[in-house]
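Here's the structure, in structure tokens; my notes come after.
The values are calculated or read from the model by the stated rules, or taken from the named source; none is laboratory data. None of these values were measured; they are calculated from a predicted model. Here the Cβ positions follow ideal geometry from the backbone for every residue, glycine too, while neighbour counts run over all protein chains shown. Note: accessible area is taken over every heavy atom of the protein model, side chains too, but ligands, DNA and RNA are not part of it. Shrake-Rupley method; radii C 1.70, N 1.55, O 1.52, S 1.80 Å.
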Amino acid sequence: MAKATIEYKNGKKIVTYPNGEKQEHSKESLKTAKDMFLRHRQKIDENIASIDDDLAKMTV
Amino acid sequence: MQLHLKHRKASRIIKRVTEITTDGGLPKTGQTMIYQPGDDGSYQMGYPIGGVQRFIDNGDGTIIDMATGLMWIKDPQAAGLRSSMYWYDAINACENLDYAGHDDWRMPNINELLSIVDHSRYDPAFDLMYFIPFPDTWTPNWSSTVCAPWLDGAWCMYPYDGYKTVWSRISDMCFVRPVRGGQS
């Protein structure tokens, strides 16, 4: 199974993919990616809360 | 009566679209980097083929997409759509819009909206030469497509990254980027 290798050097994450390609990730780029996922999750959490609120009010 | 008028409007759309339709097909994603043979960057499948220019700036505030045949408004703020709004208000704003000599603007469906996403870019995830973003790229653009599993929601797209999401038709406000033409 093809597997990437990961190392952390000089404050960077360095990924070597199975085809030999290397990608360097800085702290800034990872924080940008994290913020993207947090933003996506924020609305998902809001929608779930809204549905939970509806469910709680739907008493028989 | 309103429905009747809308049908007449639709027949005009078909007539106009014949002037700008192409062979059509799924547009390219925008990725040109090859990370692995067989990936998107190595094939770059999609229209336009042969490196033909995809978007045409008409110079009147409108953009033609040669891949889909759709006409877009380059800067919705210049067309008066400056603020985010509820889904119903956004639909009405598009339906009532008279801009660049056209009065048959409408809110795009989710497939149409996602068709302008360039996956090689972010913040915003489309070509700034042809699409002027709203000030906040984390407020989505509405689509006219309702979310089938959750009917309170409508599909929309974050201009930041082109992510398809669902916001509430009841309580959320998003921006809108009108479109006209297309296949029906």
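Once the cut-off is 33 Å, how many percent of the Cα-Cα pairs in the protein assembly as shown end up in the long-distance tail? Looking at the protein assembly as shown, the distances longer than 33 Å represent 30 percent of pairs. Based on the Cβ-Cβ distance from residue A:25 to residue B:26, what FRET efficiency comes out when R0 is 30 Å, to the nearest 0.05? Result of the calculation: an efficiency of 0.45. Which entries of A:13/A:34; A:34/B:74; B:28/B:74; A:3/A:43; A:34/B:164; A:9/A:34 have Cα-Cα distances beyond 25 Å here? In this structure, A:34/B:74; A:3/A:43 exceed 25 Å between Cα atoms.
When B:32, B:139 are compared by accessible area of protein heavy atoms, the largest-first order is B:32, B:139, using a 1.4 Å probe. Residue order by solvent-accessible surface for A:21, A:7 is A:7, A:21, largest first, with ligands and nucleic acids left out and a 1.4 Å probe. Seen from residue A:10, the other residues with C-beta closer than 13 Å to its C-beta sum to a net charge of +2, counting Lys and Arg as +1 and Asp and Glu as -1. Per residue of A:44-54, other chain Cβ atoms within 10 Å of the residue Cβ number 2 on average.
Ordering A:46, A:24, B:95 by accessible surface, largest first, gives A:24, A:46, B:95; the 1.4 Å probe counts only protein heavy atoms, with every chain in place. Please work out the Cα center distance from segment A:1-56 to segment B:34-49, rounded to the nearest Å. After rounding, the separation between the Cα centres reads 24 Å.
Label segment B:105-184 by shape, choosing from rounded, prolate and oblate, from the square roots a ≥ b ≥ c of the eigenvalues of the Cα gyration tensor; if a/c is under 1.5 it is rounded, and otherwise prolate applies when a/b is larger than b/c, oblate when it is not. Oblate is the answer for segment B:105-184, as a/c is 1.5 or above yet b/c matches or exceeds a/b.
When both segment B:158-184 and segment B:89-114 are represented by their alpha-carbon centers, they are found 11 Å apart.
When the Cα gyration tensor is reduced to axis lengths a ≥ b ≥ c, the ratio a/c is 1.5 or higher for segment A:3-47, and with a/b above b/c it is classed as prolate.
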